[in-house]
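What follows is a single structure, written as structure tokens, with notes after it.
The values are calculated or read from the model by the stated rules, or taken from the named source; none is laboratory data. A quick note: this is a predicted structure, and the numbers were derived from the prediction, not measured. Glycine gets a Cβ as well: all are built from the backbone with ideal geometry, and neighbour counts include every protein chain shown.
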Amino acid sequence: MEQKCQDCDATLKILDDVVVGEIISCPDCGNEFEVSKINSNNVTLSPAESVGEDWGE
Amino acid sequence: MNNRISIIYDRVRWEEKEIFKALEHKNIQFSKFDAKTLVLRSDDSVQSIQDVYGNSILQRCISHYRGMLIAHYLESKNCSVVNNSSTSRTCGNKFLSTLVFEKAGIATPLTLFSFSDKSAINSVDSLGYPSVLKPIVGSWGRGVVKLNDMDSAKALIEMRYNDDGLLSKIFYIQEHVNRPPRDIRTVVVGNEVLGAEYRYSSNDDWRTNFSLGAKIENCPMTKELEDIVIKASESVGGGILGVDLMESDDGLLVHEINNNVEFKGISKFTNDNIAHKIVDYIDTISKR
């Protein structure tokens, strides 16, 4: 599957085993998008949450 | 109950996908919850919460406070959470981790704690240069700085002190350990150490975090390493953990335990399928 980056219009390649909640990074601008919905072959992307101070392993 | 096992996450990484696959492979019924979408009511009954989340919950939030507080909430409704809130609280806070390691007699780098810029500079002076300043919360090496001399120490401490961050006036200053340009990451599930890897700092960084480009290679498991890792894991309450160590002149030092361990790298060096081991561990707990 492919989608266009909402910021820079680059092509985002989305693997077949994609799951809701997964992060897709734009190879060109680096922006991150979260998979918010999957309907058959249609994936909805939303801007991902930005990294928080308390994020980590 | 609707499901025996739930997973709560806020970002699906490679690790979460592997855990989902392992649950499906083992034909275990499970539910997934995005922590960002949850609405938790204080007055919900124990039964209603257990009906939704089951009796065993794997907490995999990347946000420390989000994950820890959700664990607290679910435990208040008598749910079993892995890792539990106490382990999350300790591991997600370097200040508390160091106290626990010391109390348990686990060798760890000498650390000084200060609560103002002036006392922080005194701490660095007392440790000598270089020393290391770390934020007490956060991971992936972010904000971890080596203080090479008094000028840079003063500047960095002043910058932190004038920051509006909630924790920026708490100074965690650690001795700079004389070690090879690597540390050791181990992954523990329950009472089993599943693997160990060396993480070599990249050419342009002294830190050894994988996220900063560290190169990894297999670290042979020894009885000494295994014993220290298990003891360290137990000191924070056990569970699914990433125990990090340094090789000092005086032996192995535990410097950090990760409560939400990433295991993509180390999977190359172990015969165990770590996601399967995690699922087996959760499944066992759910049947208690």
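Quick look at the numbers
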quantity	calculated
Of all residues making up segment B:233-250, the number that are touching a residue at least 60 places away in the same chain (Cβ under 8 Å) and touching a helix residue (DSSP H, G or I) at 6+ places or on another chain (Cβ under 8 Å)	8
Hey, B:Phe263 closer than 24 Å to B:Lys26 by Cα, more than 14 Å from chain A (Cβ to nearest Cβ) and in contact with a strand residue (DSSP E or B) (Cβ under 9 Å, 6 or more places away or on another chain) or not	no
B:Ile230, sole failed condition from (1) in contact (Cβ under 8 Å) with a residue 60 or more places away in the chain; (2) in contact with a strand residue (DSSP E or B) (Cβ under 8 Å, 6 or more places away or on another chain)	(1)
Hits in segment B:121-160 - residues which are assigned to a helix (DSSP H, G or I) and in contact with a helix residue (DSSP H, G or I) (Cβ under 7 Å, 6 or more places away or on another chain)	B:Ile121, B:Val124, B:Ala153, B:Lys154, B:Ile157, B:Glu158
Index of the failed condition, B:Cys79 passing every other in (1) away from chain A (no Cβ under 14 Å); (2) touching a residue at least 24 places away in the same chain (Cβ under 8 Å); (3) touching a Lys or Arg at 6+ places or on another chain (Cβ under 9 Å); (4) not β-branched (Val, Ile, Thr)	(3)
Hits in segment B:133-181 (condition: within 13 Å of another protein chain (Cβ to nearest Cβ), surrounded by fewer than 15 Cβ atoms within 10 Å (Cβ to Cβ) and more than 25 Å from B:Asn260 (Cα to Cα))	B:Asp163, B:Asp164
Enumerated strands (runs of 3 or more DSSP E) restricted to chain A, each holding at least 1 residues that are more than 14 Å from chain B (Cβ to nearest Cβ) and exposed (fewer than 13 other Cβ atoms within 10 Å of the Cβ)	A:2-4, A:11-13, A:32-39, A:42-47
Evaluation of B:Val229 against (1) at positive phi; (2) away from chain A (no Cβ under 14 Å) (one fails), failing number	(1)
Those residues of segment B:147-183 which are hydrophobic (A, V, I, L, M, F, W, C) and touching a residue at least 40 places away in the same chain (Cβ under 8 Å), in sequence order	B:Ile157, B:Ile170, B:Phe171, B:Ile173, B:Val177
Selection status of B:Val243, under 18 Å from B:Leu58 (Cα atoms) and of a type outside the set (Ser, Thr, Tyr)	no
Yes/no for B:Asn83 being modelled with pLDDT under 95 and either within 24 Å of B:Lys264 (Cα to Cα) or in contact with a strand residue (DSSP E or B) (Cβ under 8 Å, 6 or more places away or on another chain) (or both)	no
Selection count, segment B:7-56, where residues are within 14 Å of chain A (Cβ to nearest Cβ) and not aromatic (Phe, Trp, Tyr)	23
So B:Ser63, is it outside the structural domain of B:Val137 (by TED's automatic domain parsing), modelled with pLDDT under 95 and surrounded by 13 or more Cβ atoms within 10 Å (Cβ to Cβ)	no
Subset of segment B:86-111 (residues that are in contact with an Asp or Glu (Cβ under 7 Å, 6 or more places away or on another chain) and free of Cβ contacts under 8 Å to residues at least 60 places away in the same chain)	none
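Yes/no per residue for (1) within 23 Å of B:Val137 (Cβ to Cβ); (2) buried (at least 22 other Cβ atoms within 10 Å of the Cβ); (3) under 15 Å from the mean Cα position of the chain (by Cα):
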site: B:Gln50; (1), (2), (3): no, no, no
site: B:Leu69; (1), (2), (3): yes, no, no
site: B:Arg89; (1), (2), (3): yes, no, yes
site: B:Ala104; (1), (2), (3): yes, no, no
site: B:Val124; (1), (2), (3): yes, yes, no
